[in-house]
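Encoded as structure tokens, the structure appears first; notes follow it.
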Amino acid sequence: MKIFVKVPATSANVGAGFDSLGLAVSMYNTVTFEESDRLEISSCDGTIVPTGQSNLVYRSVKAVFDQLDEKLPGLKITQTNAIPMARGLGSSSACIVAGILGANAMLGNRLTHRQMLTMATAIEGHPDNVAPAMLGGFVTSAYDEGQVYSVKKNISDDLAFAAFIPNFKLLTEKARAALPAQVSHKDAVYNLSRAALATAAFCDGEYELLRVATKDKLHQQYRLPLIPGGEEIFELAHELGAYAVYISGAGPTIMAVVHRDNEDFFAQAEEAMTQDDKMIAFSLRRLLADNTGAVVE
Ligand code: HSE
């Protein structure tokens, strides 16, 4: 038995869709599973990963084995982690999805996508990264009484994604701790109308609406102070004609949505970033949408 799983990076929230919206992009973690009578975990690319039972891929495999009442005597797990950790690009979701899909394949594909998505969400805590990591595309999700409900739509080839990735980490727990326990009715309405508009705008190619549709009052204003240089990246990306700019997931990556033909955006952004000390911590990656989602071979 040798099972290979490839999982895309994901960018959650997409502005107003806190814990609901997410999209998959062209950056990947891979995991290979092989039979073994003990637990052997290694990384092919020098990324430091836990090599014991706390490893997230292993924990996710184990969750599936437990759910299906199967014994897991040991396993050889080999990881490559191109998705940087704690940067708001869904690295933990990629590990969870790899573990769940890999285990399901090992056990003869007995779980449905919905069951796997629900398990992944239970481990991650919210569906907005795990759903696009599994399904690809732009995914709208709701978590209701322990079940995940998701709709996936393909993202048009017209779009590219400019990921401004800082050289520092921001743990999701810290970024969630910065949020208020309560928000006003007015702010809730502000967000729900924009999240709905963003979904419709992405699906129908109404990209000019995305600037308004990705504005948010539930999390970005509280998180931006945790991201030095983030405000300047927002300003720069807007000045250079991005359709939308938002904090990717819990941050600290800032994501800009641009037209695929807008090559100038990347050249000009690179230049501006080298000329302003405030943005020095960020590097820019040009990504495309991934409409395939996780692949198991
Ligand atoms: N929706 C989550 C958040 C994504 O913003 O905290 C990060 O895991």
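In table form, for the structure just shown:
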{"quantity": "Aspartates and glutamates with Cα under 17 Å of K278, excluding same-chain neighbours fewer than 8 positions away", "calculated": "E231, E232, E235, E239, E270"}
{"quantity": "Whole-number accessible area per residue in Å² for the stretch 196-297, which is evaluated in the context of all protein chains at 1.4 Å", "calculated": "46"}
{"quantity": "For peptides 279-289, 170-180, sequence by mean Cβ density within 10 Å, most packed first", "calculated": "279-289, 170-180"}
{"quantity": "Contact order normalised by residue count of the chain, Cα under 8 Å, 6+ apart, percent", "calculated": "26"}
{"quantity": "Dipole-positive endmost among A242, G74, Y207 within the chain (Cβ charges, Cα centre)", "calculated": "G74"}
{"quantity": "About the Cα centre, charge dipole magnitude for the stretch 223-288 (Lys/Arg +1, Asp/Glu -1 at Cβ), debye", "calculated": "400"}
{"quantity": "Probe 1.4 Å - accessible area at D261, Å² to nearest ten", "calculated": "120"}
{"quantity": "Spacing of the two label points (7 Å from each Cα toward its C-beta) at D144 and S54, in nm", "calculated": "3.8"}
{"quantity": "Gyration tensor verdict on the stretch 152-253 (Cα atoms; rounded if a/c is under 1.5, prolate if a/b is larger than b/c, oblate otherwise)", "calculated": "oblate"}
{"quantity": "Carbon plus sulfur fraction of accessible area for the chain, probe 1.4 Å, in percent", "calculated": "49"}
{"quantity": "Separation in nanometres of the label points that stand 7 Å from Cα toward Cβ, at E263 and E239", "calculated": "2.3"}
{"quantity": "Dipole magnitude of the chain, debye to nearest 20 (Cβ charges: Lys/Arg +1, Asp/Glu -1, about Cα centre)", "calculated": "760"}
{"quantity": "Segment R114-E40, length gained on full extension (0.36 nm per residue, minus Cα span)", "calculated": "23.7 nm"}
{"quantity": "Highest-first arrangement of 215-225, 35-45, 240-250, 82-92, where packing means the average Cβ count within 10 Å", "calculated": "240-250, 82-92, 215-225, 35-45"}
{"quantity": "Probe 1.4 Å - accessible area at H238, Å² to nearest ten", "calculated": "50"}
{"quantity": "Stokes-Einstein D in µm²/s, Kirkwood radius over Cα pairs - the chain at 20 °C with 1.002 mPa s viscosity", "calculated": "111"}
{"quantity": "Whichever lysines have a C-alpha closer than 26 Å to that of K71, once near sequence neighbours (fewer than 8 apart) are set aside", "calculated": "K2, K6, K62"}
{"quantity": "Set of lysines with alpha-carbon distance to K217 below 19 Å, sequence-local pairs under 8 removed", "calculated": "K174, K186"}
{"quantity": "FRET E, pair V212, F168, Förster distance 30 Å, beta-carbon r, rounded to 0.05", "calculated": "0.50"}
{"quantity": "Accessible area per residue, Å², the stretch 1-135 with all protein chains present, probe 1.4 Å", "calculated": "36"}
{"quantity": "Relative contact order, percent, the stretch 164-218 [alpha-carbon distance under 8 Å, six or more residues apart]", "calculated": "37"}
{"quantity": "Set of the stretch 144-174 residues, backbone N closer than 17 Å to the point 7 Å along the Cα-Cβ line of T292", "calculated": "154-157"}
{"quantity": "Solution diffusion estimate, µm²/s, Stokes-Einstein, the stretch 22-113, Kirkwood Rh from C-alpha pairs, 10 °C, viscosity 1.306 mPa s", "calculated": "117"}
{"quantity": "Electrostatic dipole magnitude of the stretch 42-128 [Cβ: Lys, Arg +1; Asp, Glu -1; Cα centre; debye, to 20]", "calculated": "100"}
{"quantity": "Amide H contacts under 5 Å for S43, placed H, 5+ residues apart", "calculated": "Q79"}
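The values are calculated or read from the model by the stated rules, or taken from the named source; none is laboratory data. Quick caveat: nothing in here was measured; it's all calculated off a predicted structure. Don't worry about glycine lacking a Cβ; one is built from the backbone with ideal geometry, like all the others, and counts go over all protein chains shown. With ligands, DNA and RNA removed, areas are computed over all heavy atoms of the protein, side chains included. Shrake-Rupley method; radii C 1.70, N 1.55, O 1.52, S 1.80 Å.
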